[in-house]
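Here's the structure we're looking at; comments come further down.
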Amino acid sequence: MTDEITFADRIFDSDLVTVESKETQHFTFNKTSEFENSKFTPNSQSIEASNNAADLLAENTSNLSDSTLEQQLLASEVDLDTLCQTFPLNSRCAGYQQTSQQQQRLLQRLQLQSDRQRLESRLLERLALAPEAPARSGFALGGKVSSLGVGIEGVGAISPNFNGRLGFNYLGFSGGFTQNQIDYDGDVQLLNATGMLDWFPSSSSGFRVTGGLLYQNNRVDAIARPAEVLEIGGFEFPLAAVGQLEGSLTFPNTIAPYIGIGYGNPVRRGSAFSFNIDLGVLFAGSPQADLQASGPVVDIITGIPVLNNLLEDAIAQEEQDIEDNLSWLGVYPVISIGVSYQF
């Protein structure tokens, strides 16, 4: 059986009050927290309130009549922001706070996405405005100065990590020098044709490892300066007995291997001019010395040979001494600096 109770009594006695309309003519409540509404507007709104009067009512609400409180509650719309700020312990604010945090996280994600999209848009605009690098042929021609002479070199791209090079070097000069206490006037000739393969561990870097072969015709031709006495192979000979002493220095490996490292990629994509440097060694072989004495074969008066066995042995010893002193040239150091242009 349902007993009629007042709205204020319902607030203090029940666990939860639900009002589903702003306009109502009559409320019936029972002691089991149920009520009936005889009239609702189509746009009804559910309002839940705690049974704690301190959450909903001001201190002076006890002086208000039941009908006045009921009308104010039904006529007003519940603002969760205001409610939860004023009554943070209200049961409805727990869900509201959680929803606010979720919305805040969602807004942060949307803001991050918006910032990322703006950044990508700016990058695309800059790329679109940046001048496009002109297409290059993958072939470069350059000049260089090295310990093999002055040269010219062509470079072609084989793949992003490999280049091939063909070059030619030459250097010739004359000068005087002293070897084993004998003064010489000599002519130096450096003549090389090169074929190289460059390997770039990283296609975006200029560092490279180089290997290849050289055709080399490097030599020194010299003539001993006249002197009253020439010391050859540890023995002293008068100039009249020796005559003119001539010699040459050559390298045995006509085709010599080369290995080294370097920096610079003349056919790098988009580049025109490039600076190149190489450090390596050429395995030319131990140098070989050849000396000849052009003195008279026999004495004009007595007919006795002047170039006897002692002079021949001395010349052979002198050749050996020269080869020992210059043996380090067998592994010939190569230093090269150059500039190239890619067409």
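Observations on the model:
- Extreme residue, positive dipole direction of the stretch 176-328, given options 315, 177, 254 (C-beta unit charges): 254
- Gain upon complete extension [residue 331, residue 223; 0.36 nm per residue less C-alpha separation]: 36.3 nm
- Percent carbon-and-sulfur accessible area, the stretch 118-194, ignoring ligands, DNA and RNA, probe 1.4 Å: 63 percent
- Carbon/sulfur fraction of accessible area - the stretch 211-266, other protein chains in place, 1.4 Å, %: 60 percent
- Local electrostatic count, residue 188, Cβ distance below 15 Å [Lys/Arg +1, Asp/Glu -1]: -2
- Sites residue 106 and residue 324, calculated FRET efficiency, Cβ-Cβ separation with R0 51 Å, nearest 0.05: 0.05
- Modelled spin labels at residue 277 and residue 117, positioned 7 Å past Cα toward Cβ, are 5.0 nm from each other.
- Residues in the stretch 146-209 average 48 Å² of solvent-accessible surface per residue, probe 1.4 Å, ligands and nucleic acids excluded.
- Highest-first arrangement of 174-181, 249-256, 320-327, where packing means the average Cβ count within 10 Å: 249-256, 320-327, 174-181
- Extension gain for residue 290-residue 215 works out to 24.9 nm (0.36 nm per residue, less the C-alpha to C-alpha distance).
The values are calculated or read from the model by the stated rules, or taken from the named source; none is laboratory data. Computed from a prediction, not measured in an experiment: that's the story for all the values here. Positions of Cβ are backbone-derived with ideal geometry, glycine not excepted, and every protein chain shown enters the neighbour counts. Ligands, DNA and RNA are stripped out before the accessible areas are found, and what is left, the full protein with its side chains, is counted by its heavy atoms. Shrake-Rupley method; radii C 1.70, N 1.55, O 1.52, S 1.80 Å.
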